[in-house]
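One structure is given below, encoded as structure tokens.
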Amino acid sequence: MKRRASALAQWSGLGALVGLACGAASALFLMALDVVTRFRGTHEAIVYALPLAGLVVGAIYERWGQSIKGGNNLIIDTIHVEDAVDAPQIPLRMAPMVLAGTVLTHLFGGSAGREGTAVQMGASLADEIAHRFGVGRALRRQLLAAGIAGGFGSVFGTPIAGTIFGLEVVSVGRMEYDALVPALVAALVGDFTTRSLGVVHTAYPAMPALELGPVLLAKLALIGVAMALATMAFVELTHRLKKALEARVPRLPVRMFLGGLVIVALWKLVGTSDYLGLGVPTIVRAFTDPHLASYAFAAKLVFTAITLSSGFLGGEVTPLFFVGATLGSVLARLLGLPLELGAGVGVAAVFGAAANTPIALSIMAAEILGGAAFPHVVIVTVIAYLLSGHRGIYPAQRLGRRKHGGSLIEPPVALRSYQDEAPRPAEEPEA
């Protein structure tokens, strides 16, 4: 009992410190994003400077950002290092650099999100705390997961989803339950800190309560299949485009310059700024507007894939919320379902499948859309997760068992390696 109480006190104290750091960083980040997004909205000509911004930011990252270029994958790889005590510390400069880089991406109109930035800030701050206190291997891993949870939960105002995301994102199909307490404390404290500093999160329409029946289940299954296809398209396009650009254009500043040119050209081609930046207004519209462009999801998918694969900073969550919500809204019109239902399940499904975190995103949908959303979101998100295969936006995630079942894979293999060659499954002991 005494040991359990001591562990709980240690987890709670360090988790609270991580949460305070994450919440303060997220508040600063969200306030800065709001300022630059409003500025861009009233000075759209600034988008023409996106290629030059890419050139400058790329040069800075090429010179001083080599140790942090792995981003979220660096964090996941660090968590999986066997001797986490001796593993290099995640550089503290990751937090200010990724914050500044993402804010500049949004100022000049790049299509990116905010989860990647919040997670990287949270993990780098958590690792600084871990090293300051000289914690051991196991606790360091737990605090890194807490940093992920605190960053994700505070930037979206969804602390329970943030907690589960921090436990679920590290490995495909397996929860890191040993980090549960510090992750929960960090997410709750982080969310409280962000809100206390004056941040107001986006309010989404509540989903209607619809009784599940055979017809509705069939329609939800169809939506799940469509979300899986959208997930596969985004993941494959982003990874392949990034690989091709790195092979043909070795210099990061030049890749970002070229990517900025393409975004500006596409912006002029489509004739709207809806696909720049986060795209939150369009996500909200997807819940109520029956005249939303049927191609909106595809346009945002392309804008985001080009932005991120060319090297601009930011995350995938909000753009994939956009993709899922707008695709779900269109499908709801075709299937005779309420727009709120289609958009609501879409918000969770595409990112839940792309990040291989179906439980976290289902909980997130319930936190932002209300409890009536939960069963419908779970059905669609799980289908999208299973059908999207062994791929994801985080190639460093470890796979210990294939999604379709079968023997354990020992040792667990990173998704980036699994895509190249299928590992031999380990023999499971007989019962």
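Given the options PHE39, PHE29, name the one that is assigned to a helix (DSSP H, G or I), surrounded by fewer than 14 Cβ atoms within 10 Å (Cβ to Cβ) and aromatic (Phe, Trp, Tyr). Steps first, please.
Details: PHE29 fails: surrounded by fewer than 14 Cβ atoms within 10 Å (Cβ to Cβ).
That would be PHE39, the only listed residue that is assigned to a helix (DSSP H, G or I), surrounded by fewer than 14 Cβ atoms within 10 Å (Cβ to Cβ) and aromatic (Phe, Trp, Tyr).
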Members of the range 369-385 that are more than 14 Å from ALA161 (Cα to Cα) and either free of Cβ contacts under 8 Å to residues at least 60 places away in the same chain or aromatic (Phe, Trp, Tyr) (or both):
TYR385
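Conditions tested, residue by residue: (1) within 21 Å of VAL98 (Cβ to Cβ); (2) out of contact with any helix residue (DSSP H, G or I) (no Cβ under 6 Å at 6 or more places or on another chain).
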residue	(1), (2)
ALA138	no, yes
ALA145	yes, no
ALA149	yes, no
SER154	yes, no
ILE160	no, no
PRO182	no, no
GLY190	yes, no
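Quick one: count up the residues across the range 178-206 that are part of a loop (DSSP other than H, G, I, E, B) and not β-branched (Val, Ile, Thr). Full working, then the answer.
So the first thing to find is which residues in the range 178-206 are part of a loop (DSSP other than H, G, I, E, B), and the list is 197-206.
Okay, now just the ones that are also not β-branched (Val, Ile, Thr), so 197-198, 201, 203-206.
Looking only at that region, the number is 7.
Yes/no per residue for (1) among the aliphatic types (A, V, I, L, M); (2) in contact with a Lys or Arg (Cβ under 7 Å, 6 or more places away or on another chain); (3) outside the structural domain of THR78 (by TED's automatic domain parsing):
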{"residue": "ALA343", "(1), (2), (3)": "yes, no, yes"}
{"residue": "VAL350", "(1), (2), (3)": "yes, no, yes"}
{"residue": "HIS376", "(1), (2), (3)": "no, no, yes"}
{"residue": "ILE383", "(1), (2), (3)": "yes, no, yes"}
{"residue": "ARG401", "(1), (2), (3)": "no, no, yes"}
{"residue": "GLY406", "(1), (2), (3)": "no, no, yes"}
{"residue": "ILE409", "(1), (2), (3)": "yes, yes, yes"}
Would you check if there is a residue in the range 196-206 being buried (at least 18 other Cβ atoms within 10 Å of the Cβ), in contact with a Gly (Cβ under 9 Å, 6 or more places away or on another chain) and not acidic (Asp, Glu)?
yes
Here, helices (runs of 4 or more DSSP H) confined to the range 71-177 with at least 1 residues that are crowded, with 18+ Cβ neighbours inside 10 Å, among the aromatic types (Phe, Trp, Tyr) and under 18 Å from the mean Cα position of the chain (by Cα) are 137-156, 159-168
Just a yes or no: is a residue in the range 388-399 in contact with a Gly (Cβ under 9 Å, 6 or more places away or on another chain), within 28 Å of GLN120 (Cα to Cα) and part of a helix (DSSP H, G or I)?
no
Six or more apart or on different chains, Cβ under 8 Å: which pairs go from a residue in the range 253-281 that's touching a residue at least 60 places away in the same chain (Cβ under 8 Å) to one that's surrounded by fewer than 19 Cβ atoms within 10 Å (Cβ to Cβ) and charged (D, E, K, R)? Could you list them?
PRO253/GLU62; ARG255/GLU246; SER273/GLU44
Please state which one of ALA118, ALA95 is touching a residue at least 40 places away in the same chain (Cβ under 8 Å), more than 18 Å from VAL317 (Cα to Cα), in contact with a Ser or Thr (Cβ under 7 Å, 6 or more places away or on another chain) and not assigned by TED's automatic domain parsing to the domain that holds VAL323.
ALA95
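For (1) outside the structural domain of GLN142 (by TED's automatic domain parsing); (2) not hydrophobic (A, V, I, L, M, F, W, C), each residue gets a yes or a no:
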| position | (1), (2) |
| --- | --- |
| LEU184 | no, no |
| ALA203 | yes, no |
| ALA209 | yes, no |
| LEU220 | yes, no |
| VAL235 | yes, no |
| LEU252 | yes, no |
| GLY259 | yes, yes |
| GLY271 | yes, yes |
| ASP274 | yes, yes |
Could you tell me how many of the residues in the range 341-381 are more than 17 Å from the chain's Cα centre (by Cα) and of a type in the set (Val, Ile, Thr)?
4
Under 8 Å between Cβ atoms, at least 6 apart or on separate chains: pull out the pairs that start in the range 1-30 with a residue that is closer than 20 Å to THR158 by Cα and end on any residue that is of a type in the set (Gly, Ala, Ser) and surrounded by fewer than 16 Cβ atoms within 10 Å (Cβ to Cβ).
GLY23/SER196; ALA27/GLY198
Output yes when any residue across the range 139-152 is aliphatic (A, V, I, L, M), at pLDDT below 95 and either touching a strand residue (DSSP E or B) at 6+ places or on another chain (Cβ under 9 Å) or within 30 Å of ALA53 (Cβ to Cβ) (or both), and no when none is.
no
Touching a strand residue (DSSP E or B) at 6+ places or on another chain (Cβ under 9 Å) and assigned to a helix (DSSP H, G or I), is that true of ILE60?
no
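For the range 289-375, give me every one of the helices (runs of 4 or more DSSP H) that falls completely inside it and has 2 or more residues that are under 25 Å from VAL103 (Cα atoms) and not aliphatic (A, V, I, L, M).
Values: elements: 296-309, 317-335, 339-354, 358-369.
Answer list for the range 289-375: 296-309, 317-335, 339-354.
The values are calculated or read from the model by the stated rules, or taken from the named source; none is laboratory data. Since the structure is predicted, the reported quantities are computational estimates derived from the model, not experimental observations. For neighbour counting, all protein chains shown are included, and Cβ atoms are generated from backbone atoms with ideal geometry for every residue, glycine included.
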